[in-house]
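Worksheet: one structure, shown below.
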Amino acid sequence: MKRVDGIDRKLLWLIQDDLPVEKRPFDAWAQTLGIEPGELISRLELLRRQGVIRSVKAILRHRQTGFSSGAMVVWAVPGDQVDRIGRELACRREVSHCYERPGFGEYNLFSMIHGRTDDEVLRVIGEISSELGIDRYRVYWSLRELKKSSMNYFREGGGEES
Amino acid sequence: MDNTDKQIKGMDATGCMDHIDRKILSLISKSFPLTERPFLSIAEQTGITEDEAVERVRRLKESGAIRRIGAVISPRSLGWHSTLCAAEVPEDRIDEFASLVNSYDQVTHNYVRSGHPNCWFTLITPDKAQAERIIHEIGQRLGTEILDLPARRVFKINVSFDFHEEDEPPPENG
């Protein structure tokens, strides 16, 4: 757990919002914080190196970018193979997320798998199943998005807004 | 607004993407340049002008291809707790479920999925106790069991994806 100072807290609060699309997009934020844009950028870089900020990037909507299909696939993996198979899954480009999650019966490895079409996703799932020798798995297609938002870690109860 | 917007070569009025757009998306979905003039850096890497880079990114946001540009914060590095929850909700109670679950700011994603259980949501809280309280509350109010499935180990959270359980796939597939 990293310690963040007052300016960093305010910065983290700001940067979870949307960056304005203009030539000098960081200037307004720097002004809000009362620091130079250069200092704001070096603070961001430091927070990224410390791992507090995972990345600064554009977050895409996949339906507009050609990856219209995706499924959560849960795999039943013997306990002594979770490590190896988890790593193997993580190596695949089509797998965006992979976690070990106990508590869901025999299904202990959770993954998100993406493709252009449902068939493509199914093909990848079949490949993984045969290559890694995991016979037992369940596919959960996304049918309806009820909520999708970004967490703002410093907005709630932080008392930093001024 | 479309009338005043400059028409960009290779892009039609509905905002269809050309190869430069794809290149920009590929670039900035991995990492947005941390410089005082990030669009200049994007322009240099894609062979266009800074003005055009600004204009194209603006269009990609208007068309909905880009949801947001900003930081993805690691809840773990701040000591926060995150978990995936699941519940079986009958079809005729999904709206009720959605309005209850979505009313919590701590719930970031909520999906109806095929199979059983059919409802899956992610929860991010400052500590484990708060997550457990919320899960208990939701379960009580719906009269349903809520499965709490925090990760024991993280094997992959793709850097060009968002943090959450289901999120953005890579912009290119080779």
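The values are calculated or read from the model by the stated rules, or taken from the named source; none is laboratory data. Because the structure is a prediction, the values reported are computed rather than measured. No Cβ is skipped: glycine too gets one built from the backbone with ideal geometry, and neighbour counts run over all protein chains shown. SASA here: full protein model, heavy atoms, side chains in, ligands and nucleic acids out. Shrake-Rupley method; radii C 1.70, N 1.55, O 1.52, S 1.80 Å.
Below are the figures for this structure:
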read-out: Boolean, residue B:38 is within 8 Å of chain A (Cβ to nearest Cβ) and in contact with a His (Cβ under 9 Å, 6 or more places away or on another chain); value: no
read-out: Cβ pairs under 7 Å, 6+ apart, first in region B:146-157 and more than 7 Å from every other protein chain (Cβ to nearest Cβ) and farther than 13 Å from residue A:100 by Cβ, second part of a strand (DSSP E or B) and among the aliphatic types (A, V, I, L, M); value: B:146/B:87
read-out: Members of region A:9-47 found to be within 24 Å of residue B:79 (Cβ to Cβ), open to solvent by 20 Å² or more (accessible area, probe 1.4 Å) and in contact with a Leu (Cβ under 7 Å, 6 or more places away or on another chain), listed by number; value: A:10, A:33, A:43, A:45
read-out: Matching entry among B:25, B:34 (being buried (at least 19 other Cβ atoms within 10 Å of the Cβ) and either under 22 Å from the mean Cα position of the chain (by Cα) or modelled with pLDDT under 95 (or both)); value: B:25
read-out: Strands (runs of 3 or more DSSP E) wholly inside region A:23-131 that include at least 1 residues being more than 11 Å from chain B (Cβ to nearest Cβ); value: A:69-75
read-out: Candidate set: region B:52-69, residues that are part of a loop (DSSP other than H, G, I, E, B) and surrounded by fewer than 22 Cβ atoms within 10 Å (Cβ to Cβ); chosen: the one modelled with the lowest pLDDT; value: B:64
read-out: Residues of region B:146-174 satisfying the condition of being farther than 16 Å from residue A:74 by Cα and modelled with pLDDT of 95 or more; value: B:146
read-out: Residue A:70, sole failed condition from (1) without any contact (Cβ under 8 Å) to a residue 60 or more places away in the chain; (2) crowded, with 20+ Cβ neighbours inside 10 Å; value: (1)
read-out: Matching residues in region A:48-65 - criterion: being touching a Lys or Arg at 6+ places or on another chain (Cβ under 9 Å), open to solvent by 20 Å² or more (accessible area, probe 1.4 Å) and under 18 Å from residue B:27 (Cβ atoms); value: A:48, A:54, A:61
